[in-house]
Amino acid sequence: MGSGCGEGGVMANCFEGIVDRFVLSSGMFEARLREVRAGQWGGPTPCAEWTVRQLVNHVTRGNLNYTALVQGGSAAEFLRLRDADALGSDPLAAYLRSVDRAVDAFTQSDALCRIVDYPLGKVSGRQALAIRTTDTAIHTWDLARAIGSDDTLEPALIDWIGRNLQDIYGDLPETPLSSESTHRFFAAPTGTSGSAVSQQDHLLRRMGRSPEKVPF
């Protein structure tokens, strides 16, 4: 077993160090967030339904919602608050607070082993944080594209996500790996990638992005 969370050995191993990976992913997003200029908050993003501010709010609110889940919150509350404003008048400060709260919550005793009421099904705290880490990484690319920043993501993190997508999303009824799900939570894959495509672009396409599309 190895994890003490009732997960199989391979899955347990892939989630080792997940808090550190979440911190890395969150730091990537922070770096792009610090580059947002005053006139860019209302601009479009690769997520067609969101402006830059809405995208940043989605990530910030997500951190708070996952924090609530691991502290015993419900899926219903998660969904109710999914689009609620979390940024106020200082988006950067609000985002940084949300990361700190998530790290504090997920490093509490047994937090990674708790079963949380994720909206798509019950998952362990460590799997929930793996999903959160992946979401933040992909949205870092979205934000970078939206503001015209460097959209290169941390290779080691992208490698880990790409190799472990099946375990990250496990047996959830909706995942970014299936073209047949409802895609209420995840964008549909944009097609297969050839051998010449970079690891990052391959992952982005699996996650419903079109990295070759300019402008978005």
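The values are calculated or read from the model by the stated rules, or taken from the named source; none is laboratory data. Just so it is clear, the model here is predicted, and its values are computed rather than measured. Neighbour counts run over all protein chains shown; Cβ positions are idealised from the backbone, glycine included. Areas reflect the complete protein model, heavy atoms only, side chains present, ligands, DNA and RNA absent. Shrake-Rupley method; radii C 1.70, N 1.55, O 1.52, S 1.80 Å.
Per-structure values
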item	result
In the stretch 4-15, residue surrounded by the fewest Cβ atoms within 10 Å (Cβ to Cβ) [restricted to those that are at pLDDT below 95 and within 21 Å of the chain's Cα centre (by Cα)]	N13
Leading residue by the ranking (nearest to R53 (Cα to Cα)) among those in the stretch 75-111 that are out of contact with any Leu (no Cβ under 7 Å at 6 or more places or on another chain) and touching a residue at least 60 places away in the same chain (Cβ under 8 Å)	L96
Pick from the stretch 106-143, criterion more than 30 Å from E35 (Cα to Cα) and of a type in the set (A, V, I, L, M, F, W, C), ranking: modelled with the lowest pLDDT	L120
Considering residues of the stretch 189-209 that are of a type in the set (G, A, S) and surrounded by 15 or more Cβ atoms within 10 Å (Cβ to Cβ) only, the residue modelled with the highest pLDDT	G208
Top-ranked residue in the stretch 78-118 [being in a loop (DSSP other than H, G, I, E, B) and hydrophobic (A, V, I, L, M, F, W, C); ranked as least open to solvent (accessible area, probe 1.4 Å)]	L87
Restricting the stretch 29-47 to residues that are more than 21 Å from T133 (Cβ to Cβ) and outside any loop (DSSP other than H, G, I, E, B), the residue that is nearest to the chain's Cα centre (by Cα)	P44
